[in-house]
Amino acid sequence: MHRPVFIAAVLIAALPSAPSFAVTAKEKMATCKFGADDQKLAGAARAKFMKKCMANKNDPRGSAGAAGAGAAGGVPPPPKN
């Protein structure tokens, strides 16, 4: 009888300490600035990087990665459903 109550209490107590996957705009800006500083970007290149970074696009292939890699590598692109 006491065991399920104890387990529920432990889970409830541990819930607030779990990491949050939601990123605030302030945290995202700090991460993007760090990336721009790390790459030593300035001027138009920095502005372009910051805009792309803040747009929340996480695809490492870029916008033309799938089509370009398939044509150049001799592998057809995956079918579109």
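One table, with the values for the structure above:
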quantity: Extreme residue, modelled with the lowest pLDDT, among residues of the stretch 1-11 that are in a helix (DSSP H, G or I) and open to solvent by 80 Å² or more (accessible area, probe 1.4 Å); calculated: 11
quantity: Residue list for the stretch 12-35, filter: at pLDDT below 75 and surrounded by 10 or more Cβ atoms within 10 Å (Cβ to Cβ); calculated: 23
quantity: Of all residues in the stretch 41-68 being in a loop (DSSP other than H, G, I, E, B), under 24 Å from residue 24 (Cα atoms) and among the charged types (D, E, K, R), the one that is modelled with the lowest pLDDT; calculated: 59
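The values are calculated or read from the model by the stated rules, or taken from the named source; none is laboratory data. From a predicted model like this one, the values you see are computed outputs, not experimental measurements. Ideal geometry is used to build each Cβ from the backbone, glycine not excepted, and the neighbour counts take in all protein chains shown. In case anyone asks, the SASA skips ligands and DNA or RNA and just uses the protein heavy atoms, side chains included. Shrake-Rupley method; radii C 1.70, N 1.55, O 1.52, S 1.80 Å.
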